[in-house]
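See structure below.
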């Protein structure tokens, strides 16, 4: 029970200022980037007309996400944005799945990771909107029905970032807390593995998909 | 044993966490149930589209779950930060 709510940090003193780095999140993120690199190398090492298992999985994933992007954004922008969406989905999938390995923590259990990804999606969506519509049209969108609706539109855009990042963080954090509490109550090996399978594999996959789809939808709302 | 101000704040925070989680779970429970019922009806009418309907239902449920997740975050803040 004492594992709840504890964050291991490195404190760096630099010129009178104090920087705090969440060490677990950082190390796990780098580990996941390494795992994704291994996966990609395995998938693209010996490319053939008749694919092997790794190439088959990656082709399935990439073509599925490409279809989603082309459906949502149209042919031109869909082909341009699907590498980003694909990378986001694979990163979040590995992030949420790594919790099922003992002694490993999900980087998405930290609000900083999910908020960073949400802010990235926000800037990409609005940058795309400025590129597609032009700066003048983009700004007049905010004054659309009547001019004093501007603060509401602004808050609505900022609330998207909060909602998307807190959704992922809360799901993963809540799942890990429930696992800790149940392991404390049951002391056993019978119940916790099923909970790991449910919260890690099932909820993790769905939440990674939801985060990716919502980022895609926010971009497509700005383009249309 | 004296009860000081800090104890009262702690008790109020724990009580607030329980209330937040309990009331916050009503809405997502009802909403996800409605989504699942509608998906069941649709699958009954058109069983060939079951895979796509299930996927759409899960995504919609995950989105409508977010108010419950907010109350969970608020409860965690009340327990561990206050």
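If we scan the range B:11-33, do we find a residue that is over 22 Å from residue A:163 (Cα atoms), away from chain A (no Cβ under 14 Å), at pLDDT 90 or above and over 20 Å from the mean Cα position of the chain (by Cα)?
Yes - at least one qualifying residue is present in the range B:11-33.
Can you tell me which residues in the range A:128-168 are within 19 Å of the chain's Cα centre (by Cα) and either more than 14 Å from chain B (Cβ to nearest Cβ) or surrounded by 12 or more Cβ atoms within 10 Å (Cβ to Cβ) (or both)?
A:157, A:158, A:160, A:161, A:162, A:163, A:164, A:165, A:166, A:167, A:168
Quickly run through the range A:169-198 and pick out the residues that are within 16 Å of the chain's Cα centre (by Cα) and more than 9 Å from every other protein chain (Cβ to nearest Cβ).
A:172
Go through the range B:62-78 and give me each residue that's over 12 Å from the mean Cα position of the chain (by Cα) and facing another protein chain (nearest Cβ under 9 Å).
Listed by number, the list holds a single entry, B:76.
Being within 23 Å of residue A:74 (Cα to Cα), within 14 Å of another protein chain (Cβ to nearest Cβ), at pLDDT 85 or above and in a helix (DSSP H, G or I) narrows it down to one of A:219, A:213, so name that one.
The match here is A:213.
Quick one: is residue B:51 over 24 Å from residue A:205 (Cα atoms) and modelled with pLDDT under 95?
No.
I want to confirm something. Restricting to the range B:37-58 and keeping residues that are within 14 Å of another protein chain (Cβ to nearest Cβ) and more than 15 Å from the chain's Cα centre (by Cα), which single residue is surrounded by the fewest Cβ atoms within 10 Å (Cβ to Cβ)?
So in the range B:37-58, the residues within 14 Å of another protein chain (Cβ to nearest Cβ) come out as B:51-52, B:54-58.
Among the residues that remain, those that are also more than 15 Å from the chain's Cα centre (by Cα) are: B:51-52, B:54-57.
Working: B:51: 9, B:52: 11, B:54: 13, B:55: 12, B:56: 14, B:57: 18.
If we take residues in the range B:37-58 being within 14 Å of another protein chain (Cβ to nearest Cβ) and more than 15 Å from the chain's Cα centre (by Cα), then B:51 is surrounded by the fewest Cβ atoms within 10 Å (Cβ to Cβ).
The values are calculated or read from the model by the stated rules, or taken from the named source; none is laboratory data. A quick note: this is a predicted structure, and the numbers were derived from the prediction, not measured. As a convention, Cβ positions derive from the backbone with ideal geometry for all residues, glycine included, and neighbour counts pool all protein chains shown.
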